[in-house]
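**Student:** Dumping the structure here so I can ask a few things about it.
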Amino acid sequence: MFDKATKKLVQQIDPKGLIAASSPNDTKKLQPLAVVWKIKKVWFWQKTKYKPTVFKLNDLLEGEPINPVCEEEDLLKFEGEYRNCAAGSVEVEGPAVCLKANAQGTSKLSLSLGTLKKEDVNIPNLDNLTKGRRLDLTKSFFKQFPKKHKVLTLLKERILTTRECSISYTQLDKADCNAAFGCPEMCMKDSGKLQYGSKTALHILPHTVMAYSVIEMNIESDGYFDLRVESSGLESDDISENPFPTFSEVDGQWPQIQESFLLTTLKKELADAQASFCALADLSAKRRSSILLLLKENLTDRSVLSALVDRLEMLSSDEASSFITNELSAKQNEIIDTFLDLLKFKQLHKSEPSTSTPLSSYNGCQKSTANHSDPHSASELNGSSSPTDEQNGCHMASSHQNGCSTKASRQSMELMYAMQMLIDTLEELTDDGLHLLEPFCTSEGLQNLQNLVIHLTTSDLPLCKDTMPVFLQTDSEFHRVEELFKSCSVSLRKEKCTLTSEMTRTEGFLPVVLCIAIHGLASFVSV
């Protein structure tokens, strides 16, 4: 609830400059000049992540602590109410049976935050105080700092509550069913109704951090550092910045996410992603079934998804466990352990490759990209800029595994990489997207969705009645699929005997994310 509330707040105030706090427990960490990790994107479709630490700049400085100027002001009063509504129905009629079922679900998120206060660190003053100062790189923080997390930032602004306030979430589900069974000798009718409601309220204490912004540190090997402030006065830390500046949409290196574009625009990127999920499909049927069931049960629990990402990163990069910052219940920790047991992941040796290795090294089967005319498409997907490695495909992977020469180790890394891609993708889906995807996490549901995605991303022609998947020919099932795709900026339209699709917005990569998530989850389906 808190995470949803802070994201709604940031969307209304400053979606490109502020970062939503994910937990009220982070308030103790989110102090002025607190050290915050900026975790670089692995995939082009990811949002940049920020994770607070318990350290402040003064904890890492050599010499005397500094005391920069911090300014306060009242920002605004905030009240908000957000509603979602979903409905579905199914009818079955025959000579001796008539069955009608309807279901409706509504939810409401109410925010009453009162007056919010803003605290700002005076950046020119901070710049003067830190000029010529060094960080003590011998401190334990830097010894444990994961190599793949190289960007450190400092908290420069935060938005706080000024009084006790509340967040409430109300959910109401209704369902009714009418059935009639008859024959010339006998007729039987039955009906039933079900209504379920829940309301949860969260009371937030004064001085709770709801959102914050950061400024990057540029650290030299001798400990000297400076703050990354652009000449315009804007910090370079823009959460929407392109992490691969050598690639641009103009040059055709990213898929064109534009309104009214067809899903075939994503064809190359999805082919590369689908190839890397071969490692998941190679698991035994029993393990695939167990992992899929566990994913389905926890698909809408973002705490579990985020913690699983952290644990996978820790295992693949030999990251110190002290940097795992998720605060989980005993039940959630048990779920994470069960995931890892099913995947049979163990701590990887430092000499083995990390997940920063290009996609072409860990796809688990022959890359489809080898036939593409664009040599950069695989490297875009994971952030690598080396077309040579990609063109060589799996052949080069066997000779460039940094000491991981056995088949078992290679398979383990391929599986690790595929699992990280899948969980990272699920994290990028919207809350509505996760809730709508969850009922499809069955063998039949995922096979149907994957077949549809393959149809939509490989042909520019509308699906006609002869080629339209059978499950979409019923209105109730089509409505469920339509809502799922709509949550990820894809419009499905069924007119007479044809089905067409197109992307509906230009911001973000939700259409890509949904299609990759479907391919990944479908890899667990027993065949």
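**Student:** Being without any contact (Cβ under 8 Å) to a residue 12 or more places away in the chain and over 18 Å from F277 (Cβ atoms) narrows it down to one of E502, E495, E483, so name that one. Quick ask: steps written out before the conclusion?
**Tutor:** Numbers: E502 fails: without any contact (Cβ under 8 Å) to a residue 12 or more places away in the chain; E483 fails: without any contact (Cβ under 8 Å) to a residue 12 or more places away in the chain.
Of the residues listed, the single one that is without any contact (Cβ under 8 Å) to a residue 12 or more places away in the chain and over 18 Å from F277 (Cβ atoms) is E495.
**Student:** Can I ask one more? Could you give me the residue pairs with C-beta distances under 6 Å whose first residue belongs to the range 446-475 and is within 24 Å of L292 (Cα to Cα) and touching a residue at least 24 places away in the same chain (Cβ under 8 Å), whose second residue is aliphatic (A, V, I, L, M) and surrounded by 13 or more Cβ atoms within 10 Å (Cβ to Cβ) wherever it lies, and which are 6+ apart or on separate chains?
**Tutor:** So the pair list comes out as L446/L521; L446/A522; L446/V525; Q447/V525; L449/I518; Q450/I518; Q450/A522; V453/I518.
**Student:** Identify the residue in the range 487-503 that is polar (S, T, N, Q) and in a strand (DSSP E or B) and, among all such residues, is least open to solvent (accessible area, probe 1.4 Å). Lay out the reasoning, then the answer.
**Tutor:** From the range 487-503, those polar (S, T, N, Q) are 487, 489, 491, 498, 500-501; that's our starting set.
If we keep only those that are in a strand (DSSP E or B) as well, we get 491, 498, 500-501.
Numbers: S491: 31, T498: 52, T500: 44, S501: 14 Å².
It comes out as S501.
**Student:** Consider the range 272-303. How many of its residues are more than 20 Å from the chain's Cα centre (by Cα), part of a helix (DSSP H, G or I), surrounded by fewer than 21 Cβ atoms within 10 Å (Cβ to Cβ) and touching a residue at least 40 places away in the same chain (Cβ under 8 Å)?
**Tutor:** The qualifying residues number 7.
**Student:** Could you list, in sequence order, the residues of the range 452-477 that are within 17 Å of P511 (Cβ to Cβ) and loosely packed, with under 15 Cβ neighbours inside 10 Å?
**Tutor:** T458, S459, D460
**Student:** Could you list all residues from the range 473-525 that are basic (K, R) and more than 20 Å from L463 (Cα to Cα)?
**Tutor:** Keep residues of the range 473-525 that are basic (K, R), which gives 480, 486, 493-494, 496, 505.
Hit for the range 473-525 is R505, nothing else.
**Student:** Then there's this: Here are some conditions: (1) buried (at least 17 other Cβ atoms within 10 Å of the Cβ); (2) among the small types (G, A, S); (3) closer than 21 Å to W43 by Cα. G508 meets all but one. Which one does it not meet?
**Tutor:** (1)
**Student:** Look at E507 and say whether it is outside any helix (DSSP H, G or I) and either modelled with pLDDT of 90 or more or within 21 Å of the chain's Cα centre (by Cα) (or both). Lay out the reasoning, then the answer.
**Tutor:** Details: outside any helix (DSSP H, G or I): yes; either modelled with pLDDT of 90 or more or within 21 Å of the chain's Cα centre (by Cα) (or both): yes.
It is true that E507 is outside any helix (DSSP H, G or I) and either modelled with pLDDT of 90 or more or within 21 Å of the chain's Cα centre (by Cα) (or both).
**Student:** Look at W37 and say whether it is outside any strand (DSSP E or B), crowded, with 18+ Cβ neighbours inside 10 Å and modelled with pLDDT under 90.
**Tutor:** On the way: outside any strand (DSSP E or B): no; crowded, with 18+ Cβ neighbours inside 10 Å: yes; modelled with pLDDT under 90: yes.
In short, no.
**Student:** Run S168 past the list (1) under 26 Å from V209 (Cα atoms); (2) more than 25 Å from the chain's Cα centre (by Cα); (3) modelled with pLDDT under 90 and report the number of the one that doesn't hold.
**Tutor:** (2)
**Student:** For the range 8-21, which positions are within 17 Å of the chain's Cα centre (by Cα) and buried (at least 19 other Cβ atoms within 10 Å of the Cβ)?
**Tutor:** Scanning the range 8-21 gives I19, A20, A21.
**Student:** Among the residues of the range 22-34, write down those that are within 20 Å of R228 (Cα to Cα) and open to solvent by 10 Å² or more (accessible area, probe 1.4 Å).
**Tutor:** Those that are within 20 Å of R228 (Cα to Cα) and open to solvent by 10 Å² or more (accessible area, probe 1.4 Å): Q31, P32, L33.
**Student:** Still on this structure, I have one more. Select the helices (runs of 4 or more DSSP H) contained entirely in the range 431-486, then report the ones holding at least 2 residues which are out of contact with any Leu (no Cβ under 8 Å at 6 or more places or on another chain) and modelled with pLDDT under 85. Can you show your working first?
**Tutor:** Values: elements: 431-437, 443-458, 475-486.
The helices (runs of 4 or more DSSP H) meeting that bar are 475-486.
**Student:** Name the pairs whose Cβ atoms lie under 8 Å apart, with the first residue in the range 61-74 and open to solvent by 90 Å² or more (accessible area, probe 1.4 Å), the second part of a loop (DSSP other than H, G, I, E, B) and of a type outside the set (A, V, I, L, M), and 6 or more positions between them or separate chains?
**Tutor:** Short answer, once both residue conditions are applied: E71/N122; D74/T162.
The values are calculated or read from the model by the stated rules, or taken from the named source; none is laboratory data. Since the structure is predicted, the reported quantities are computational estimates derived from the model, not experimental observations. Reconstructed Cβ throughout: ideal geometry from the backbone, glycine too, with neighbour counts over all protein chains shown. Side chains included, ligands, DNA and RNA excluded: accessible areas come from the protein's heavy atoms. Shrake-Rupley method; radii C 1.70, N 1.55, O 1.52, S 1.80 Å.
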